[in-house]
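Here the structure comes first, spelled out in structure tokens, and everything after it is commentary.
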There are 2 protein chains.
Amino acid sequence: MTESRQPTAEGVALAAAKVAQILPKTPLLPLEVAGRTIWCKAESLQPVGAFKIRGAWHRLTALNEDERRRGVVGVSSGNHAQGVAWAAARLGIPATIVMPTDAPAVKLANTRALGAEVVLYDRPGGEDRDEVSARLCEQRGATLVHAYGDPWIIEGQGSAGIEIAEQLGRQPDLILAPCGGGGLTAGLALACPDAAIVPVEPEGWDDVCRSLASGTIQRIAADAPPTPCDALQTPVTWPINFAILQRRCPFGLWITPAEIRAAQRLAFSKLHLVIEPGGAAALAAVLAGKVELAETTAVVLSGGNTDAAAFAQVIASDD
Amino acid sequence: MTESRQPTAEGVALAAAKVAQILPKTPLLPLEVAGRTIWCKAESLQPVGAFKIRGAWHRLTALNEDERRRGVVGVSSGNHAQGVAWAAARLGIPATIVMPTDAPAVKLANTRALGAEVVLYDRPGGEDRDEVSARLCEQRGATLVHAYGDPWIIEGQGSAGIEIAEQLGRQPDLILAPCGGGGLTAGLALACPDAAIVPVEPEGWDDVCRSLASGTIQRIAADAPPTPCDALQTPVTWPINFAILQRRCPFGLWITPAEIRAAQRLAFSKLHLVIEPGGAAALAAVLAGKVELAETTAVVLSGGNTDAAAFAQVIASDD
């Protein structure tokens, strides 16, 4: 049971030190929005194209020799998959990744290219990925590396917040981050205790928004609408995440597919970055004017793994 | 006469120190090519989307009060234009930029948005940009900031090489760089005296290749073919550049439009970077197997200013 300990600020600091040994800091790029400068943390420039490599590295390096031998199982639409596969390959740990059949082709291909075994589950058909992965762990004696409901993963993702504070020379007053299950958001909250933390979710997948508003964990309905943000398509946060979010997030925000596309286009034209739909969620909320900017506002651009045809369509249009 | 002094390694070191005060280091990203790791210097992530900001900053900060008051004139298809405009705006110096009528719309718009006055000249019709800019300088008493034939510009661009060596912990054995007039290439040569330096030009615009091979400066013919690499469309290098290139570059390489597109696609899919055609020239030469890689090879991705429609077309195709 990975929830047996709580993630801590000390754990985030340890994760940041471990990450700094193997990954260079991603740049924190200034961007003018409505006459203000915001700071964009370009996690799309990580080796696997997303921040997920942070948590995976912190988690897998914490495994003992016996656990490493028996391997790990990850569950992911793609970015966590690649993070776990990357860390496992570096550490010589066998990795199996449970991925949805409708994951972007590029994410499936990259995960396999990193040497991981991919087991598909039927997300559109409603198959429960947690059941699939639990069964695999039992069969193989492997350790489950959950994408967000895990203290090491939360601490690892939080290392991005340590870097942001170092790069700014202070903690930002406000951090907006794309939010799926809440691993990154919870980690940032631990990393930057002085900052307000705002999670941003896709329209129709606003379970964290509703959980924060209601004070109890809410779940996405089975008939949730499709979203371009495959990376944020998470039906429910976990108590280990929510305990932190509830303490530190004043509210959550959600953004529409059109708002996401506008943010992808701005990142293309002004930052020259390829940002996937889910990775652009926090920037989309700023652009859409859904939050009052603080004196120092940081925005996480969390990933860049998007199929070429989809990205071409976004940047070539102006809707 | 800006050629009255020669650029020096000390000048590059000074430029690097000045640049470090105002611009964060651009990342040096590892990329696997044919089983080898090469190091990609992502200059597309500079505030104006190209390395040109380095030379412009070094040049404009070297002007005295009187020169600053009288302003500067730059000549550029767009990236140098934006670099000069950015530096001028920061320093409160009036800037006029001479740009070709066929420059990418995004470069024209960005230059104007940075507060510079844009004067167009008829590049397709053969109007001589050096004449246009010389006339403007005379009329206004302004200082010409040449895009490459200037000791400060060369030194400033060389600061990228200082950063590469710092980031690697050593000088690379080989550096490939996109080459227009040879400002960047010459600067890198001064910055990294232990490295072999290879300039890469677009097909049909290989004047530096031919100059190196023949030992005397060669010029592009008036009927040169069109190239997608607007940033590298320079008809002739200058003696101040060639003196360094001749001493330090074993040879030059040229690449085709299709090789450029393949490099842009690889930068998109593996690095999640938007690279303009000219910015991808050096990577294109590596991908095409046109150079034997060294133990440590660095490649400059020099810019990312490309129109959305053009970039969409490149990444959506596979030719």
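The values are calculated or read from the model by the stated rules, or taken from the named source; none is laboratory data. This structure is a prediction, so every number in the text was calculated from the model and none was measured. Quick reminder, even Gly has a Cβ in these numbers, built from the backbone with ideal geometry, and neighbours come from all protein chains shown.
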Which of the residues spanning the range B:90-125 are within 21 Å of the chain's Cα centre (by Cα), surrounded by 14 or more Cβ atoms within 10 Å (Cβ to Cβ) and part of a loop (DSSP other than H, G, I, E, B)?
B:D102, B:A103, B:P104, B:L114, B:A116, B:R123
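Out of A:L253, A:L293, I need the residue that is of a type outside the set (S, T, N, Q) and buried (at least 19 other Cβ atoms within 10 Å of the Cβ). Which one? Break it down stepwise before answering.
Numbers: A:L293 fails: buried (at least 19 other Cβ atoms within 10 Å of the Cβ).
Matching residue, one of A:L253, A:L293: A:L253.
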Please determine whether any residue of the range B:177-200 is touching a residue at least 24 places away in the same chain (Cβ under 8 Å), more than 30 Å from A:G304 (Cβ to Cβ), among the polar types (S, T, N, Q) and out of contact with any Phe, Trp or Tyr (no Cβ under 6 Å at 6 or more places or on another chain).
no
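Based on this model, can you work out whether A:F268 counts as modelled with pLDDT of 95 or more, more than 28 Å from B:V274 (Cα to Cα) and surrounded by fewer than 24 Cβ atoms within 10 Å (Cβ to Cβ)? Give the steps one after another, and end with the answer.
Working: modelled with pLDDT of 95 or more: yes; more than 28 Å from B:V274 (Cα to Cα): no; surrounded by fewer than 24 Cβ atoms within 10 Å (Cβ to Cβ): yes.
When the stated conditions are applied, A:F268 does not pass them.
Surrounded by 20 or more Cβ atoms within 10 Å (Cβ to Cβ) and assigned by TED's automatic domain parsing to the domain that holds A:R210, is that true of A:I164? Step through it out loud before you land on a result.
Values: surrounded by 20 or more Cβ atoms within 10 Å (Cβ to Cβ): yes; assigned by TED's automatic domain parsing to the domain that holds A:R210: yes.
When the stated conditions are applied, A:I164 passes them.
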Matching option when the condition is without any contact (Cβ under 8 Å) to a residue 24 or more places away in the chain, in the same structural domain as A:G35 (by TED's automatic domain parsing) and over 30 Å from A:G35 (Cβ atoms), among A:P226, A:P239
A:P226
Segments classed as helices (runs of 4 or more DSSP H), wholly inside the range A:220-319, with at least 3 members that are closer than 26 Å to A:N110 by Cα and within 14 Å of chain B (Cβ to nearest Cβ):
A:257-266, A:308-316
Would you check which residues across the range B:264-319 are among the aliphatic types (A, V, I, L, M) and out of contact with any helix residue (DSSP H, G or I) (no Cβ under 9 Å at 6 or more places or on another chain) and list them?
B:A294, B:A310
Inside the range A:167-200, can you point out the residues that are assigned to a helix (DSSP H, G or I) and surrounded by fewer than 24 Cβ atoms within 10 Å (Cβ to Cβ)?
A:Q167, A:L168
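Looking at the structure I just gave you, is A:Y148 among the hydroxyl-bearing types (S, T, Y) and surrounded by fewer than 24 Cβ atoms within 10 Å (Cβ to Cβ)? Step through it out loud before you land on a result.
Numbers: among the hydroxyl-bearing types (S, T, Y): yes; surrounded by fewer than 24 Cβ atoms within 10 Å (Cβ to Cβ): no.
No: the conditions fail for A:Y148.
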Looking at the range A:1-15, can you tell me whether even one residue there is among the hydroxyl-bearing types (S, T, Y), part of a helix (DSSP H, G or I) and either farther than 24 Å from A:L271 by Cα or touching a Ser or Thr at 6+ places or on another chain (Cβ under 7 Å) (or both)?
yes
Complete set of residues in the range B:291-303 that are closer than 12 Å to B:V33 by Cβ and of a type outside the set (A, V, I, L, M, F, W, C)
B:T297
Test: A:T8 is of a type in the set (V, I, T), at pLDDT 95 or above and surrounded by fewer than 16 Cβ atoms within 10 Å (Cβ to Cβ):
yes
Residue identified as aromatic (F, W, Y) and assigned by TED's automatic domain parsing to the domain that holds B:P235 among B:W39, B:W57
B:W39
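If only one of A:R54, A:R59 is assigned to a helix (DSSP H, G or I), more than 14 Å from every other protein chain (Cβ to nearest Cβ), over 29 Å from B:K25 (Cα atoms) and touching a residue at least 40 places away in the same chain (Cβ under 8 Å), which one is it? It would help to see each step written out before you state the result.
Working: A:R54 fails: over 29 Å from B:K25 (Cα atoms).
On inspection, the qualifying residue turns out to be A:R59.
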Does B:T256 count as within 18 Å of B:P30 (Cβ to Cβ) and either among the aliphatic types (A, V, I, L, M) or assigned by TED's automatic domain parsing to the domain that holds B:Q218 (or both)?
no
Only one of (1) surrounded by fewer than 21 Cβ atoms within 10 Å (Cβ to Cβ); (2) within 14 Å of chain B (Cβ to nearest Cβ); (3) touching a Pro at 6+ places or on another chain (Cβ under 7 Å) does not apply to A:W86, and that is (1)
Hey, can you tell me all the residues within the range A:9-42 that are over 19 Å from A:L63 (Cα atoms) and among the polar types (S, T, N, Q)?
A:T26, A:T37
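In the list B:S133, B:S159, which residue meets the criterion of being in contact (Cβ under 8 Å) with a residue 40 or more places away in the chain, outside the structural domain of B:G187 (by TED's automatic domain parsing) and within 25 Å of B:P199 (Cβ to Cβ)? Working first, answer last.
Working: B:S159 fails: outside the structural domain of B:G187 (by TED's automatic domain parsing).
That would be B:S133, the only listed residue that is in contact (Cβ under 8 Å) with a residue 40 or more places away in the chain, outside the structural domain of B:G187 (by TED's automatic domain parsing) and within 25 Å of B:P199 (Cβ to Cβ).
Could you check how many residues of the range A:24-51 are part of a loop (DSSP other than H, G, I, E, B) and within 11 Å of chain B (Cβ to nearest Cβ)? Please lay out each step first, then the result.
Kept after step one, since they are part of a loop (DSSP other than H, G, I, E, B), are these residues of the range A:24-51: A:24-27, A:34-35, A:46-49, A:51.
Still in the list and also within 11 Å of chain B (Cβ to nearest Cβ): A:24-27, A:46-49.
Going through the range A:24-51 one residue at a time, the tally reaches 8.
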Within the range A:126-153, tally of residues that are touching a Leu at 6+ places or on another chain (Cβ under 8 Å) and in a helix (DSSP H, G or I)
3
Can you work out which of the residues in the range B:112-125 that are at pLDDT 90 or above and more than 14 Å from chain A (Cβ to nearest Cβ) is nearest to B:D223 (Cα to Cα)?
B:D122
